[in-house]
1. Which condition breaks for Arg14 when tested against (1) modelled with pLDDT under 95; (2) assigned to a helix (DSSP H, G or I)?
2. Just checking, which of Tyr59, Tyr99 is more than 19 Å from Pro187 (Cα to Cα), hydroxyl-bearing (Ser, Thr, Tyr) and in a helix (DSSP H, G or I)?
3. Among Leu44, Leu53, which is within 26 Å of the chain's Cα centre (by Cα), under 17 Å from Asn141 (Cα atoms) and part of a loop (DSSP other than H, G, I, E, B)?
4. Grab the strands (runs of 3 or more DSSP E) fully contained in region 257-307, keeping just those with 2 or more residues being surrounded by fewer than 19 Cβ atoms within 10 Å (Cβ to Cβ) and at negative phi.
5. Give me the residue from region 322-346 that is basic (Lys, Arg) and not in a strand (DSSP E or B) and, out of that set, nearest to the ligand (Cβ to nearest atom).
6. Can you name the number of the only condition in (1) away from the ligand (no atom under 14 Å from the Cβ); (2) closer than 21 Å to Gly250 by Cβ; (3) not hydrophobic (A, V, I, L, M, F, W, C) that His319 fails?
7. Can you name every residue in region 308-319 that is part of a strand (DSSP E or B) and either under 18 Å from Val338 (Cα atoms) or without any contact (Cβ under 8 Å) to a residue 40 or more places away in the chain (or both)?
Amino acid sequence: MNAQNMENVLTPRRQGLAVIAALEAKGDQDGLQTALAGALDNGLTVSEAKEALSQLYAYTGFPRSLNALGTLQKVLDQRKKAGIQDNPGKEADPLPADYDARKQGTAIQTQLTGKPFNYTFAPATDYYLKAHLFGDIFARNNLSHADREIVTVSAIAALPGCEPQLTAHVSGARNMGVTDAELRALPALLEGKVGLAEAERLRGALKTVLGDAHTPVQTVDFSVWPKGQPNTAYAQYFTGNSYLAPMEGGVANVTFEPGCRNNWHIHHKQVQVLICVAGRGWYQEWGKPAVQLLPGTIIEIPEGVKHWHGAAADSWMQHLTFHKDVQDGASNEWLEPVSDRQYNER
Ligand code: MN
């Protein structure tokens, strides 16, 4: 399979559904605004966008759903003013007068779950699931059941702490006709358009359901502290990939991928200050045990001391850095890399 086919496993329309669903759940209205415009440009109809964001109230709550519908309304207004004619799409067909929501919903729920599901612990919730979610909402035919599961899986991937439901809906998506290849294409899409944490949650669920290899890592939220650009200027002094985001006042935010660290080095005639702001990592001075870096950890590195800093093996890490007590002739002296043995035995 060539790269072109790999990219097209999910249709552009389904990619749009997945991304807007995850951003709805994340509550990222700015990102959603951009993603909605992109989705509409890529063939998603207004009816489908509206339906996806409406369905999600059952998974993310009315506050998220109504905010997202408000953003959709704003996007449509702006596009209309700009002369863009969005495809309204097809409304859902009316249901037959004798439609039995509970009966039909029970059948759909059984198909999705793979077996009859009766939530006897909370009978009212059992009724909501059958009659309302799978009865009323899933009966609307302006989205297919497979589309709806792409929407649900992507949204739950953006909800911290809902991993059991995410795993259940990855199974449900397969039972509703979403292919394994489509499911496997989702994490990279979410990583690029929504965030690393969302992608990592979904990779964890795919490992459980499909047995895909995946080593979980602790992520950081780049919408809080920016990832910046690949740190190419200093790459020769680093093991692994790091990223640099210049901040104001001579402060830089450095992002380390899991396992990434800089070489042993010395700051001459200046004191380096590190402020860990996200993830988990290490700071080590030559001949001393390493100190763990957690958000809020502040390290002052004395001038002339040989040391390194970097991420833990299983976590991204971000620290701010600046120099103080800078004297004339201040410089950095880069030394040998921190070997795997030194890193693992730190
Ligand atoms: Mn340093």
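1. Arg14 satisfies every listed condition except (1).
2. So the residue among Tyr59, Tyr99 that is more than 19 Å from Pro187 (Cα to Cα), hydroxyl-bearing (Ser, Thr, Tyr) and in a helix (DSSP H, G or I) is Tyr59.
3. From the options Leu44, Leu53, the qualifying one is Leu44.
4. 265-268, 271-279, 291-293, 298-301
5. Once the filter is applied, the top-ranked residue is Arg346.
6. Evaluating His319 over (1) away from the ligand (no atom under 14 Å from the Cβ); (2) closer than 21 Å to Gly250 by Cβ; (3) not hydrophobic (A, V, I, L, M, F, W, C) leaves (1) as the failure.
7. Listed by number, the residues that qualify are Trp308, His309, Gly310, Ala311, Ser315, Met317.
Conditions tested, residue by residue: (1) basic (Lys, Arg); (2) in the same structural domain as Leu17 (by TED's automatic domain parsing).
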site	(1), (2)
Ala49	no, yes
Ala52	no, yes
Gln55	no, yes
Ile84	no, yes
Arg102	yes, no
Thr106	no, no
Phe117	no, no
Tyr127	no, no
His132	no, no
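The values are calculated or read from the model by the stated rules, or taken from the named source; none is laboratory data. Just so it is clear, the structure is predicted and the values come from calculations on it, not from any experiment. Note that each Cβ is placed from the backbone with ideal geometry, even for glycine, and that neighbours are counted across all protein chains shown.
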